[in-house]
1. Identify the single condition in (1) under 21 Å from the mean Cα position of the chain (by Cα); (2) at pLDDT below 90 that Pro89 does not satisfy, given that it satisfies every other one.
2. Output yes when any residue across region 283-295 is under 16 Å from Gln172 (Cβ atoms) and without any contact (Cβ under 8 Å) to a residue 60 or more places away in the chain, and no when none is.
3. Answer yes or no as to whether Tyr99 is buried (at least 16 other Cβ atoms within 10 Å of the Cβ) and in contact with a helix residue (DSSP H, G or I) (Cβ under 9 Å, 6 or more places away or on another chain).
4. Tell me, please, whether a residue that is within 30 Å of Ser50 (Cβ to Cβ), surrounded by fewer than 18 Cβ atoms within 10 Å (Cβ to Cβ) and among the basic types (Lys, Arg) can be found in region 310-324.
5. Looking only at region 171-199, count every residue that is over 13 Å from Asn222 (Cβ atoms), at pLDDT 95 or above and assigned to a strand (DSSP E or B) and tell me the total.
6. Looking only at residues that are in contact with a Leu (Cβ under 9 Å, 6 or more places away or on another chain) and assigned to a helix (DSSP H, G or I) in region 244-267, which one is surrounded by the fewest Cβ atoms within 10 Å (Cβ to Cβ)?
7. Under 6 Å between Cβ atoms, which residue pairs at least 6 apart in sequence (or on different chains) link something in region 175-194 that is closer than 20 Å to Leu272 by Cβ and open to solvent by 10 Å² or more (accessible area, probe 1.4 Å) with a partner that is assigned to a helix (DSSP H, G or I) and of a type in the set (Asp, Glu)?
8. What number goes with the only condition from (1) crowded, with 20+ Cβ neighbours inside 10 Å; (2) outside any loop (DSSP other than H, G, I, E, B) that Gln150 does not pass?
Amino acid sequence: MLKINMFSSADKVKGQGVGSAYNELVELLEKFFPNELKITINQLKKVDISHYHTIDPQYYLASFLPNRGVNVGYVHFLPETIEGSLQLPKVIKWIFYKYMIAFYKRMDALVVVNPTFIPKLTAYGIEKQKITYIPNFVSTKTFYPQTKQQKLDLRQKYTIAEDKFVVLGVGQVQQRKGVLDFVQLAKENPDMQFIWVGGFSFGKMTDGYQQLSRIVDNPPANLLFTGIVDRQKMNEYYNIADIFLLPSYNELFPMSILEAFSCNVAVMVRDLELYDAVISGYYEPAQDVEQMGFKLNELKDSPEKLALLQQKSKKAASYYSEQRLAEIWKKYYAKLVGE
């Protein structure tokens with residue numbers, strides 16, 4: 001039996017994708033390989049593989065201890081993807097970015113969730129052969145499409161009209177996520193209901209906190225900010241939505257997109273090159289807030305086009321299935337230890 005220890009503090013901060021990805025992977029491995037993989041969490045016992053999901057300083061030090069096996073780092077962010085997320089003093093930011101890359105260089109192997117970040121890591125001086133691309137995934141037990149009646153019941157629960165066109169955004173409330181564009185769209189489309197699920201996971205450290213907190217406290221009448229929502233409740237919001245919109249300016253591979261796919265909700269994202277490598281053909285791209293507004297109205301007025309986009313989400317969910325990703329992870333771990 002292969003012994004793997006997961007190092008992670010992602011659960012300490014609610015409402016961030018790193019924690020979701022970590023929990024999904026642990027649950028996946030325990031579900032599919034209970035007799036082949038022994039998973040432990042934040043322990044220092046002898047193992048074959050140490051898998052680091054977050055870059056805490058104590059984990060960096062732990063990588064130097066004996067009996068750690070192969071050190072694997074999960075790359076959920078790079079310095080450029082932190083920009084627009086946290087408001088840090090320049091010196092602190094410089095130290096943090098230097099440390100981040102030092103952590104990645106310390107690893108024997110790295111896993112990225114988007115292949116476009118492989119050349120970016122090599123540009124930091126990390127050997128390409130150490131890096132492997134394995135996409136994110138979500139559990140169909142947690143995220144799944146509900147029946148038409150269940151969806152109507154949910155709308156009644158949240159006091160949303162049956163015929164209202166609902167646009168859902170998910171993620172931390174921060175500049176990088178394009179929240180200001182989401183707010184603008186709500187103002188320009190008062191006949192639609194906009195919902196943003198997520199909050200200030202890092203409090204006042206969030207980039208643009210003062211401006212964003214004023215908007216959250218006094219949003220347009222047709223825009224609801226839910227704050228941070230427990231993962232178990234997220235499925236309800238996806239099933240209320242007609243379309244999921246992520247106007248982010250920079251991402252790796254958002255768990256929220258996969259969650260929407262898994263619920264068979266139509267997906268629209270800002271037209272970023274990084275999506276081409278992971279979800280090309282499964283979403284509706286929009287270059288800016290003006291095009292987002294135009295396409296939202298087009299989909300609202302065309303049930304046929306919306307249904308086609310929903311079918312694309314269904315296909316994407318099948319491609320990023322648990323079964324497929326479970327086998328990929330098993331083979332990856334086995335290769336690391338020469339099995």
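The values are calculated or read from the model by the stated rules, or taken from the named source; none is laboratory data. As the structure is a computational prediction, the values presented were derived from the model and not from experiment. Note that each Cβ is placed from the backbone with ideal geometry, even for glycine, and that neighbours are counted across all protein chains shown. Calculation scope for accessible area: heavy atoms of the full protein, side chains included, ligands and nucleic acids excluded. Shrake-Rupley method; radii C 1.70, N 1.55, O 1.52, S 1.80 Å.
1. (1)
2. First pass over region 283-295, keeping only residues under 16 Å from Gln172 (Cβ atoms): none.
Scanning region 283-295 turns up no residue that is under 16 Å from Gln172 (Cβ atoms) and without any contact (Cβ under 8 Å) to a residue 60 or more places away in the chain.
3. Working: buried (at least 16 other Cβ atoms within 10 Å of the Cβ): no; in contact with a helix residue (DSSP H, G or I) (Cβ under 9 Å, 6 or more places away or on another chain): yes.
No: the conditions fail for Tyr99.
4. Scanning region 310-324, I find at least one residue that is within 30 Å of Ser50 (Cβ to Cβ), surrounded by fewer than 18 Cβ atoms within 10 Å (Cβ to Cβ) and among the basic types (Lys, Arg), so the answer is yes.
5. Summing the residues that are over 13 Å from Asn222 (Cβ atoms), at pLDDT 95 or above and assigned to a strand (DSSP E or B) in region 171-199 gives 1.
6. Of region 244-267, the ones in contact with a Leu (Cβ under 9 Å, 6 or more places away or on another chain) are 244-245, 247-254, 256-257, 260, 265-267.
Now drop any that are not assigned to a helix (DSSP H, G or I), which leaves 256-257, 260.
Values: Ser256: 24, Ile257: 28, Ala260: 29.
Among those residues, the one meeting the criterion is Ser256.
7. none
8. That leaves (1) as the condition not met.
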